């Protein structure tokens, strides 16, 4: 029974590995306007979309220290300008070095993966983001819609370009075959144990 538990544990671990990684991403297009043509090493240490077998996608962006300081300085200037112009303080908010977003997968096949997430701003407004990943060419179409009392008031479309991780595909191919081998091993183990118990019952 102890051996059976170990086999099931290994099988559970192997089937919960990452299925796909789209890395070195950059914004190629924003609202039909060209932005970048390659991964911005001056801005990010990492910018990737990682697909998990649990039905989730995690976007991770790790900013360089220089770029992070530039962003936070711009926010301070914007805060000061808003206060001087409109008389209200938007608050002290600094961008974090590591930023992540989790999306829930709603569809997938051999070529495409579709996912979405929602974010509540106030009791009346929220944001909805939908992404479509093209696994073959590493492109991602992201649509963000801001809604107020259920009605869309603003929408942005962003096209990301990424590199599909080959090492991840190879690793998951091996994980697949290990899972198959483990399933066969479990089946064989259960069959042999059942046979032994049956013989013991017949002897009695």
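What FRET efficiency do you get for residue 75 and residue 46 if R0 is 35 Å and r is their Cβ-Cβ distance, rounded to the nearest 0.05?
Approximately 0.95, to the nearest 0.05.
Residue 128 to residue 89: extension gain in nm, 0.36 nm per residue of separation minus the Cα-Cα distance?
11.4 nm
Between residue 100 and residue 188, what FRET efficiency follows from the Cβ-Cβ distance if R0 is 45 Å, with the result rounded to 0.05?
Given R0 = 45 Å and the Cβ-Cβ separation, E is 0.60.
Once the piece of chain linking residue 163 and residue 107 is laid out straight, how much longer is it, given 0.36 nm per residue of separation minus the C-alpha distance between them?
Stretched out fully, the residue 163 to residue 107 stretch lengthens by 18.1 nm.
Can you figure out the FRET efficiency of residue 181 with residue 62, using R₀ = 25 Å and their beta-carbon distance, to the nearest 0.05?
That pair, residue 181 with residue 62, gives E of 0.10.
Bear in mind that the values in this text are calculations on the coordinates, not laboratory data. These numbers were taken from a predicted model, which means no experiment stands behind them. In this analysis, Cβ positions are derived from the backbone assuming ideal geometry, glycine residues included, and neighbour counts consider all displayed protein chains.
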